[in-house]
Structures are given as structure tokens and as C-alpha cells.
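J.: Have a look at the structure that comes next, please.
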Amino acid sequence: MSGYQEWGVWHQDPIFEAIVNKLITDLKPKRFVETGTYLAETTRYIARKYPWLQVHSVEIRLDFFERSAISCKFLTNVKLYCMSSPDFLKMIYDTLKDGLTVFWLDAHWWEYVPLRDECKIIATLDKYVAILDDFASNNPRFGGDVFAGGHENNLSYVADILGKKCCVPNYPSFPPYNKGYGIFIKGVDYPCPEKMREETIP
């Protein structure tokens, strides 16, 4: 459809894809929760690859939500929501307390950046794996641009909430997107995945 751009899953980074798949295969979470459905590329990938996994995804824009609802119509393990992501996490909070959740949190681009509010809710859980995506970076450690809302797009933006210890990529980022990411793990005895290293965020 005109007006939409297909970005590709995992930013066309095969190492990132392998890391996410190994996390899910090793830890066998009860659910995968995504904030920022966009066109549901990640949603469909996870739901098809892991049909036993509950997939919850929230999108605040109605046009994106409606298109995603069509593309996910026959995926019975997917639940889509059209609302703000903090309100969504509060609504399903009791579900999140049951077992392990892998969170896929987008850095977000709108004037109100909900990432910190999302992380404040997630941080109250006993255990989780939180993958923070879309941290623009030529070398995917921390650095990035100043995004909507005025925050610098790096992992230190949420370190006071999720903790200073984080797994970060230990390899150069892949063009054309050059996207950085980080993984915060709580309540699970699991080391940083291969091709990542533990870093103390300043």
C-alpha cells in the first residue's frame, strides 16, 4: 500500500534474528509482548515461528492497527490492541505476572515517547527479558540521535529504571539501518547471548 514502508524483521540483521530466536528457544517464555506493531512484520514472524507462544502487540495509530489486524487475521496466537502502550501494559499486567515474558520495546518516534513509562511498569515484574529496539547507532553500543520528545536515543535513557547492566551487541551494525539495541534481563539465570557483551550503562 502506498504511504507505508516495509522495514523488514530485525532490521535485516541475521545475528540479531539468531539472538532473539535463541532467547525464545532456550527460555521458553509464556508470551511475547510488542509495543509498536507498525505493520506487524515482527508480530507475524514470531507468531508463525512459535505457534505455542502468546503474542500481544499494541499500536496507537488506527491506520497501522487496522492494516495489522488484516494481516494477522488467521494467526490464532496473536492479540492486537489499539491504544497507548502504557495503558496496554497496565491492562494486561496480571497476565504479565504469570511466567516469563519477552518484551520487544520500540524506542518510538512520536512527540510523546512512552518508553520510560513502559519500562516503569515492566520493572515491577519479578522476571522478564526486555529487548529495546531502534536505538539509531552506527556502532550499536549506546549512541544515537535526539528523537521526538527531546531525549537522546540511547540506552542510558532507561538505565535508571531497568538497571545499569545491559547486554549490548559486540559486532558492527548492519546497513542500511544501522540500528542499535540492548537486552535487559531480570529474574532469569541467563548470560548475555553470543555476539553480545555485558556493559555498564553510564
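The values are calculated or read from the model by the stated rules, or taken from the named source; none is laboratory data. Since we're looking at a predicted model, the values are computed, not measured. FYI the Cβ positions are ideal-geometry reconstructions off the backbone, even for glycines, and counts take in every protein chain you see. Accessible surface areas use protein heavy atoms only, side chains included; no ligands, DNA or RNA. Shrake-Rupley method; radii C 1.70, N 1.55, O 1.52, S 1.80 Å.
J.: If I go through the range 36-79 residue by residue, how many of them are under 20 Å from VAL113 (Cβ atoms), of a type in the set (Phe, Trp, Tyr) and free of Cβ contacts under 8 Å to residues at least 24 places away in the same chain?
T.: The total comes to 0.
J.: Within the range 152-202, restricting attention to residues that are at pLDDT 85 or above and part of a helix (DSSP H, G or I), which residue is nearest to the chain's Cα centre (by Cα)?
T.: Applying the filter and picking the extreme gives LEU162.
Residue-wise test of (1) in a helix (DSSP H, G or I); (2) open to solvent by 60 Å² or more (accessible area, probe 1.4 Å); (3) at pLDDT 95 or above; (4) out of contact with any Cys (no Cβ under 7 Å at 6 or more places or on another chain).
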position: ALA69; (1), (2), (3), (4): yes, no, yes, yes
position: LEU89; (1), (2), (3), (4): yes, no, yes, yes
position: VAL113; (1), (2), (3), (4): no, no, no, yes
position: LYS120; (1), (2), (3), (4): yes, yes, yes, yes
position: ASN139; (1), (2), (3), (4): no, yes, no, yes
position: GLY144; (1), (2), (3), (4): no, no, no, yes
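J.: Do you know which residues across the range 44-67 are hydrophobic (A, V, I, L, M, F, W, C) and outside any loop (DSSP other than H, G, I, E, B)?
T.: Scanning the range 44-67 gives ILE46, ALA47, VAL55, VAL58, LEU62, PHE64, PHE65.
J.: Please go through the range 46-64 and pick out each residue that is surrounded by 17 or more Cβ atoms within 10 Å (Cβ to Cβ) and within 25 Å of ASP13 (Cα to Cα).
T.: Quick first cut of the range 46-64, residues surrounded by 17 or more Cβ atoms within 10 Å (Cβ to Cβ) only: 46-47, 50, 53-60, 64.
ILE46, ALA47, TYR50, LEU53, GLN54, VAL55, HIS56, SER57, VAL58, GLU59, PHE64 - these are the residues of the range 46-64 that are surrounded by 17 or more Cβ atoms within 10 Å (Cβ to Cβ) and within 25 Å of ASP13 (Cα to Cα).
J.: Assigned to a helix (DSSP H, G or I) and open to solvent by 30 Å² or more (accessible area, probe 1.4 Å) - does that describe any residue in the range 27-36?
T.: Here is the first cut: in the range 27-36, the residues assigned to a helix (DSSP H, G or I) are 27.
Restricting the remaining residues to those that are open to solvent by 30 Å² or more (accessible area, probe 1.4 Å) gives 27.
Yes, the range 27-36 contains a residue that is assigned to a helix (DSSP H, G or I) and open to solvent by 30 Å² or more (accessible area, probe 1.4 Å).
J.: Out of the range 92-111, which residues are among the acidic types (Asp, Glu) and modelled with pLDDT of 95 or more?
T.: ASP94, ASP98
J.: Then there is this: Taking the condition of being over 17 Å from the mean Cα position of the chain (by Cα) and modelled with pLDDT of 95 or more, how many residues in the range 50-63 meet it?
T.: Here the count works out to 4.
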